[in-house]
Amino acid sequence: MAYFPEVNKIKYEGPKSRNPLAYKQYNPTEVVAGKTMEEHLRFAVSYWHTFTFQGTDPFGLATMVRPWNSLSGMDLAKVRVEAAFEFFEKLDVPYFCFHDRDIAPEGDTLRETNKNLDVIVGMIKERMAGSKTKLLWNTANMFSNPRFAHGAATSCNADVFAFAAAQVKKGLEVGKELGSQNYVFWGGREGYETLLNTDMGLELDNMARLLTLAADYAKEIGFDAQFLIEPKPKEPTKHQYDFDAAAAIAFLQKYGLSDKFKLNIEANHATLAGHTFEHELRTSRINGMLGSVDANQGDPLLGWDTDEFPTDLYGTSLAMYEVLKNGGLHRGGLNFDAKVRRASMRPEDLFYGHIAGMDSFAYGLKVAAKLIEDNVFENVLAERYASYKTGVGADIVSGKATLQSLEEYVLDKPDIELASGGQERLLSVLNQYLIGN
Ligand code: XLS
Ligand code: NI
Ligand code: NI
């Protein structure tokens, strides 16, 4: 049975096509900067936004028209797997991602929940065997259930820590079973609402304890996925410990975890933290911590995680510039942690959303590759920082300079003449590349 009978396989038709159900930029086999687009972009469909999001918001009920709406429980979970693989095949995406609770319902005990999970994981494994779509990452949902109201690893209640640990253990086993490339930790409830009742020191130590236990267990069972932390400053918790890339990196370094983890950077989380997407990617990249990307975008007029499909070509171009300078995403990929708007309730909208996101990143890839090929920003940097190549600058960089030697150098020097930063000129150059010269 087909769950999306109104849509056929989406094909590349090129920039002139007016067919809304075709790729205009994303041509999976086209080679850009030495690799195919499919290899560069490593697109993933997120299970939660695509197959479980029903269109509810804090003020309104479900709106989504879905072929599985009359089902519930395990019947619903099974149909979603069938629909998911039909969707992956029609979009021709290489990866997908899920939380444990997206794919199977919870039972009364963790034992029952795990039983449900095993049934669905078995089904997914079978479907994966006959499909090109692999698992980019899985994760544990340790934020929806009321037991996580005070946090998961950072809960004040040790039983909740134990529960979270058991959930992660199962998640790692599931990841291994399905050959997942990565395993993600997003700490939506790992933070605090008020310091008046919070032992911040203990909570942070405990968060590190769970990550350490997870890394050890993965090693023990031979699950060699890349571990990822996904920073986010707030929402649902007022203050989240993995605030941004810099905070997450400092945390991992403090607890000796920086060689076991990398970061999963989400565009909308960057903007929530008061940064640009490219700032978070750059911070991760220069620290050797860029692992994967949740490709979405926020709305500058709204102060929360709107998780929109990425269509801002400026953003995708600067993001792909960071990805290319990183030498690619390696085991990571571009996961659409993005949902259609509540009023985009027809099943076709799920395709339009993904097509828009994939075309936007494919375009960004081409722009970024051209910028790098022409050494546009590399030349700017070489010139701007040239003073560190010779003379006093070279002494500073090599460590030869001392405060005395630097004082001696400037003491009788007349005014220093500065070059322009040239920002406006550079923005024009960038625009030229964006519009295809
Ligand atoms: C929520 C997060 C979440 C993670 C996975 O804001 O982005 O969806 O990606 O738990
Ligand atoms: Ni998010
Ligand atoms: Ni995310």
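Miscellaneous remarks
- Residue in the range 343-350 that is over 15 Å from the mean Cα position of the chain (by Cα), open to solvent by 10 Å² or more (accessible area, probe 1.4 Å) and closer than 30 Å to PHE227 by Cβ present: no
Results for (1) in contact (Cβ under 8 Å) with a residue 40 or more places away in the chain; (2) within 26 Å of GLY34 (Cβ to Cβ), shown as yes or no for each residue.
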position: PHE277; (1), (2): yes, yes
position: LEU281; (1), (2): yes, yes
position: ASP305; (1), (2): yes, no
position: GLU322; (1), (2): yes, yes
position: GLU378; (1), (2): no, yes
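Table: residues versus (1) within 16 Å of ligand 3 (Cβ to nearest atom); (2) touching a Phe, Trp or Tyr at 6+ places or on another chain (Cβ under 6 Å); (3) under 22 Å from PHE96 (Cβ atoms).
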| position | (1), (2), (3) |
| --- | --- |
| GLN253 | no, no, no |
| ASN264 | yes, no, yes |
| ALA270 | yes, yes, no |
| GLU280 | yes, no, no |
| ARG285 | no, no, no |
| GLY288 | no, no, no |
| THR306 | yes, no, yes |
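- Pairs with Cβ under 7 Å, 6+ apart, first in the range 1-29 and in contact (Cβ under 8 Å) with a residue 24 or more places away in the chain, second open to solvent by 90 Å² or more (accessible area, probe 1.4 Å) and assigned to a loop (DSSP other than H, G, I, E, B): ALA22/GLU13; TYR23/GLU13; LYS24/GLU13
- Residue count for the range 260-277, restricted to those that are polar (S, T, N, Q) and within 11 Å of the chain's Cα centre (by Cα): 2.
- Among the residues of the range 291-318, those that are open to solvent by less than 10 Å² (accessible area, probe 1.4 Å), within 16 Å of ligand 1 (Cβ to nearest atom) and not charged (D, E, K, R) comprise GLY291, SER292, VAL293, ALA295, ASN296, THR306, PRO310.
- Leading residue by the ranking (farthest from ligand 3 (Cβ to nearest atom)) among those in the range 174-183 that are surrounded by 18 or more Cβ atoms within 10 Å (Cβ to Cβ) and assigned to a helix (DSSP H, G or I): VAL174
- Of all residues in the range 186-211 being among the polar types (S, T, N, Q) and in contact with a Phe, Trp or Tyr (Cβ under 7 Å, 6 or more places away or on another chain), the one that is farthest from ligand 3 (Cβ to nearest atom): THR198
- Residue in the range 346-356 that is in a loop (DSSP other than H, G, I, E, B) and out of contact with any helix residue (DSSP H, G or I) (no Cβ under 6 Å at 6 or more places or on another chain) present: yes
- Among the residues of the range 184-208, those that are open to solvent by less than 20 Å² (accessible area, probe 1.4 Å) and either at pLDDT below 95 or in a loop (DSSP other than H, G, I, E, B) (or both) comprise GLY187, GLY188, GLU190.
- Qualifying residue in the range 214-223 (condition: under 23 Å from GLY288 (Cα atoms), open to solvent by 10 Å² or more (accessible area, probe 1.4 Å), in contact with a strand residue (DSSP E or B) (Cβ under 8 Å, 6 or more places away or on another chain) and part of a helix (DSSP H, G or I)): yes
Residue-by-condition table, conditions (1) assigned to a strand (DSSP E or B); (2) among the hydroxyl-bearing types (Ser, Thr, Tyr); (3) open to solvent by 60 Å² or more (accessible area, probe 1.4 Å); (4) out of contact with any strand residue (DSSP E or B) (no Cβ under 6 Å at 6 or more places or on another chain):
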residue: VAL7; (1), (2), (3), (4): no, no, no, yes
residue: PRO20; (1), (2), (3), (4): no, no, yes, yes
residue: THR29; (1), (2), (3), (4): no, yes, yes, no
residue: GLU39; (1), (2), (3), (4): no, no, yes, yes
residue: VAL45; (1), (2), (3), (4): yes, no, no, no
residue: PHE51; (1), (2), (3), (4): no, no, no, yes
residue: GLN54; (1), (2), (3), (4): no, no, yes, yes
residue: MET64; (1), (2), (3), (4): no, no, no, yes
residue: LEU76; (1), (2), (3), (4): no, no, no, yes
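- Exclusive hit being of a type outside the set (A, V, I, L, M), within 16 Å of ligand 3 (Cβ to nearest atom) and out of contact with any Lys or Arg (no Cβ under 6 Å at 6 or more places or on another chain), set ASN138, ASN145, ASN116, ASN157: ASN138
This table checks each residue for (1) of a type outside the set (S, T, N, Q); (2) part of a helix (DSSP H, G or I); (3) open to solvent by less than 50 Å² (accessible area, probe 1.4 Å).
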{"residue": "GLU86", "(1), (2), (3)": "yes, yes, yes"}
{"residue": "GLU106", "(1), (2), (3)": "yes, no, no"}
{"residue": "GLY151", "(1), (2), (3)": "yes, no, yes"}
{"residue": "ALA166", "(1), (2), (3)": "yes, yes, yes"}
{"residue": "GLY171", "(1), (2), (3)": "yes, yes, yes"}
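- When each of ILE355, ILE372, ILE416, ILE396 is tested for being crowded, with 18+ Cβ neighbours inside 10 Å and away from ligand 3 (no atom under 16 Å from the Cβ), the lone residue that passes is ILE355.
- Residues that are part of a loop (DSSP other than H, G, I, E, B), within 30 Å of LEU318 (Cα to Cα) and among the small types (Gly, Ala, Ser) within the range 397-437 comprise ALA419, SER420, GLY421, GLY422, GLY436, listed in sequence order.
The values are calculated or read from the model by the stated rules, or taken from the named source; none is laboratory data. These numbers come from a predicted model, not from an experiment. So basically every Cβ, Gly included, is an ideal-geometry build from the backbone, and we count neighbours across all protein chains shown. For accessibility, only protein heavy atoms count, side chains too; no ligands or nucleic acids. Shrake-Rupley method; radii C 1.70, N 1.55, O 1.52, S 1.80 Å.
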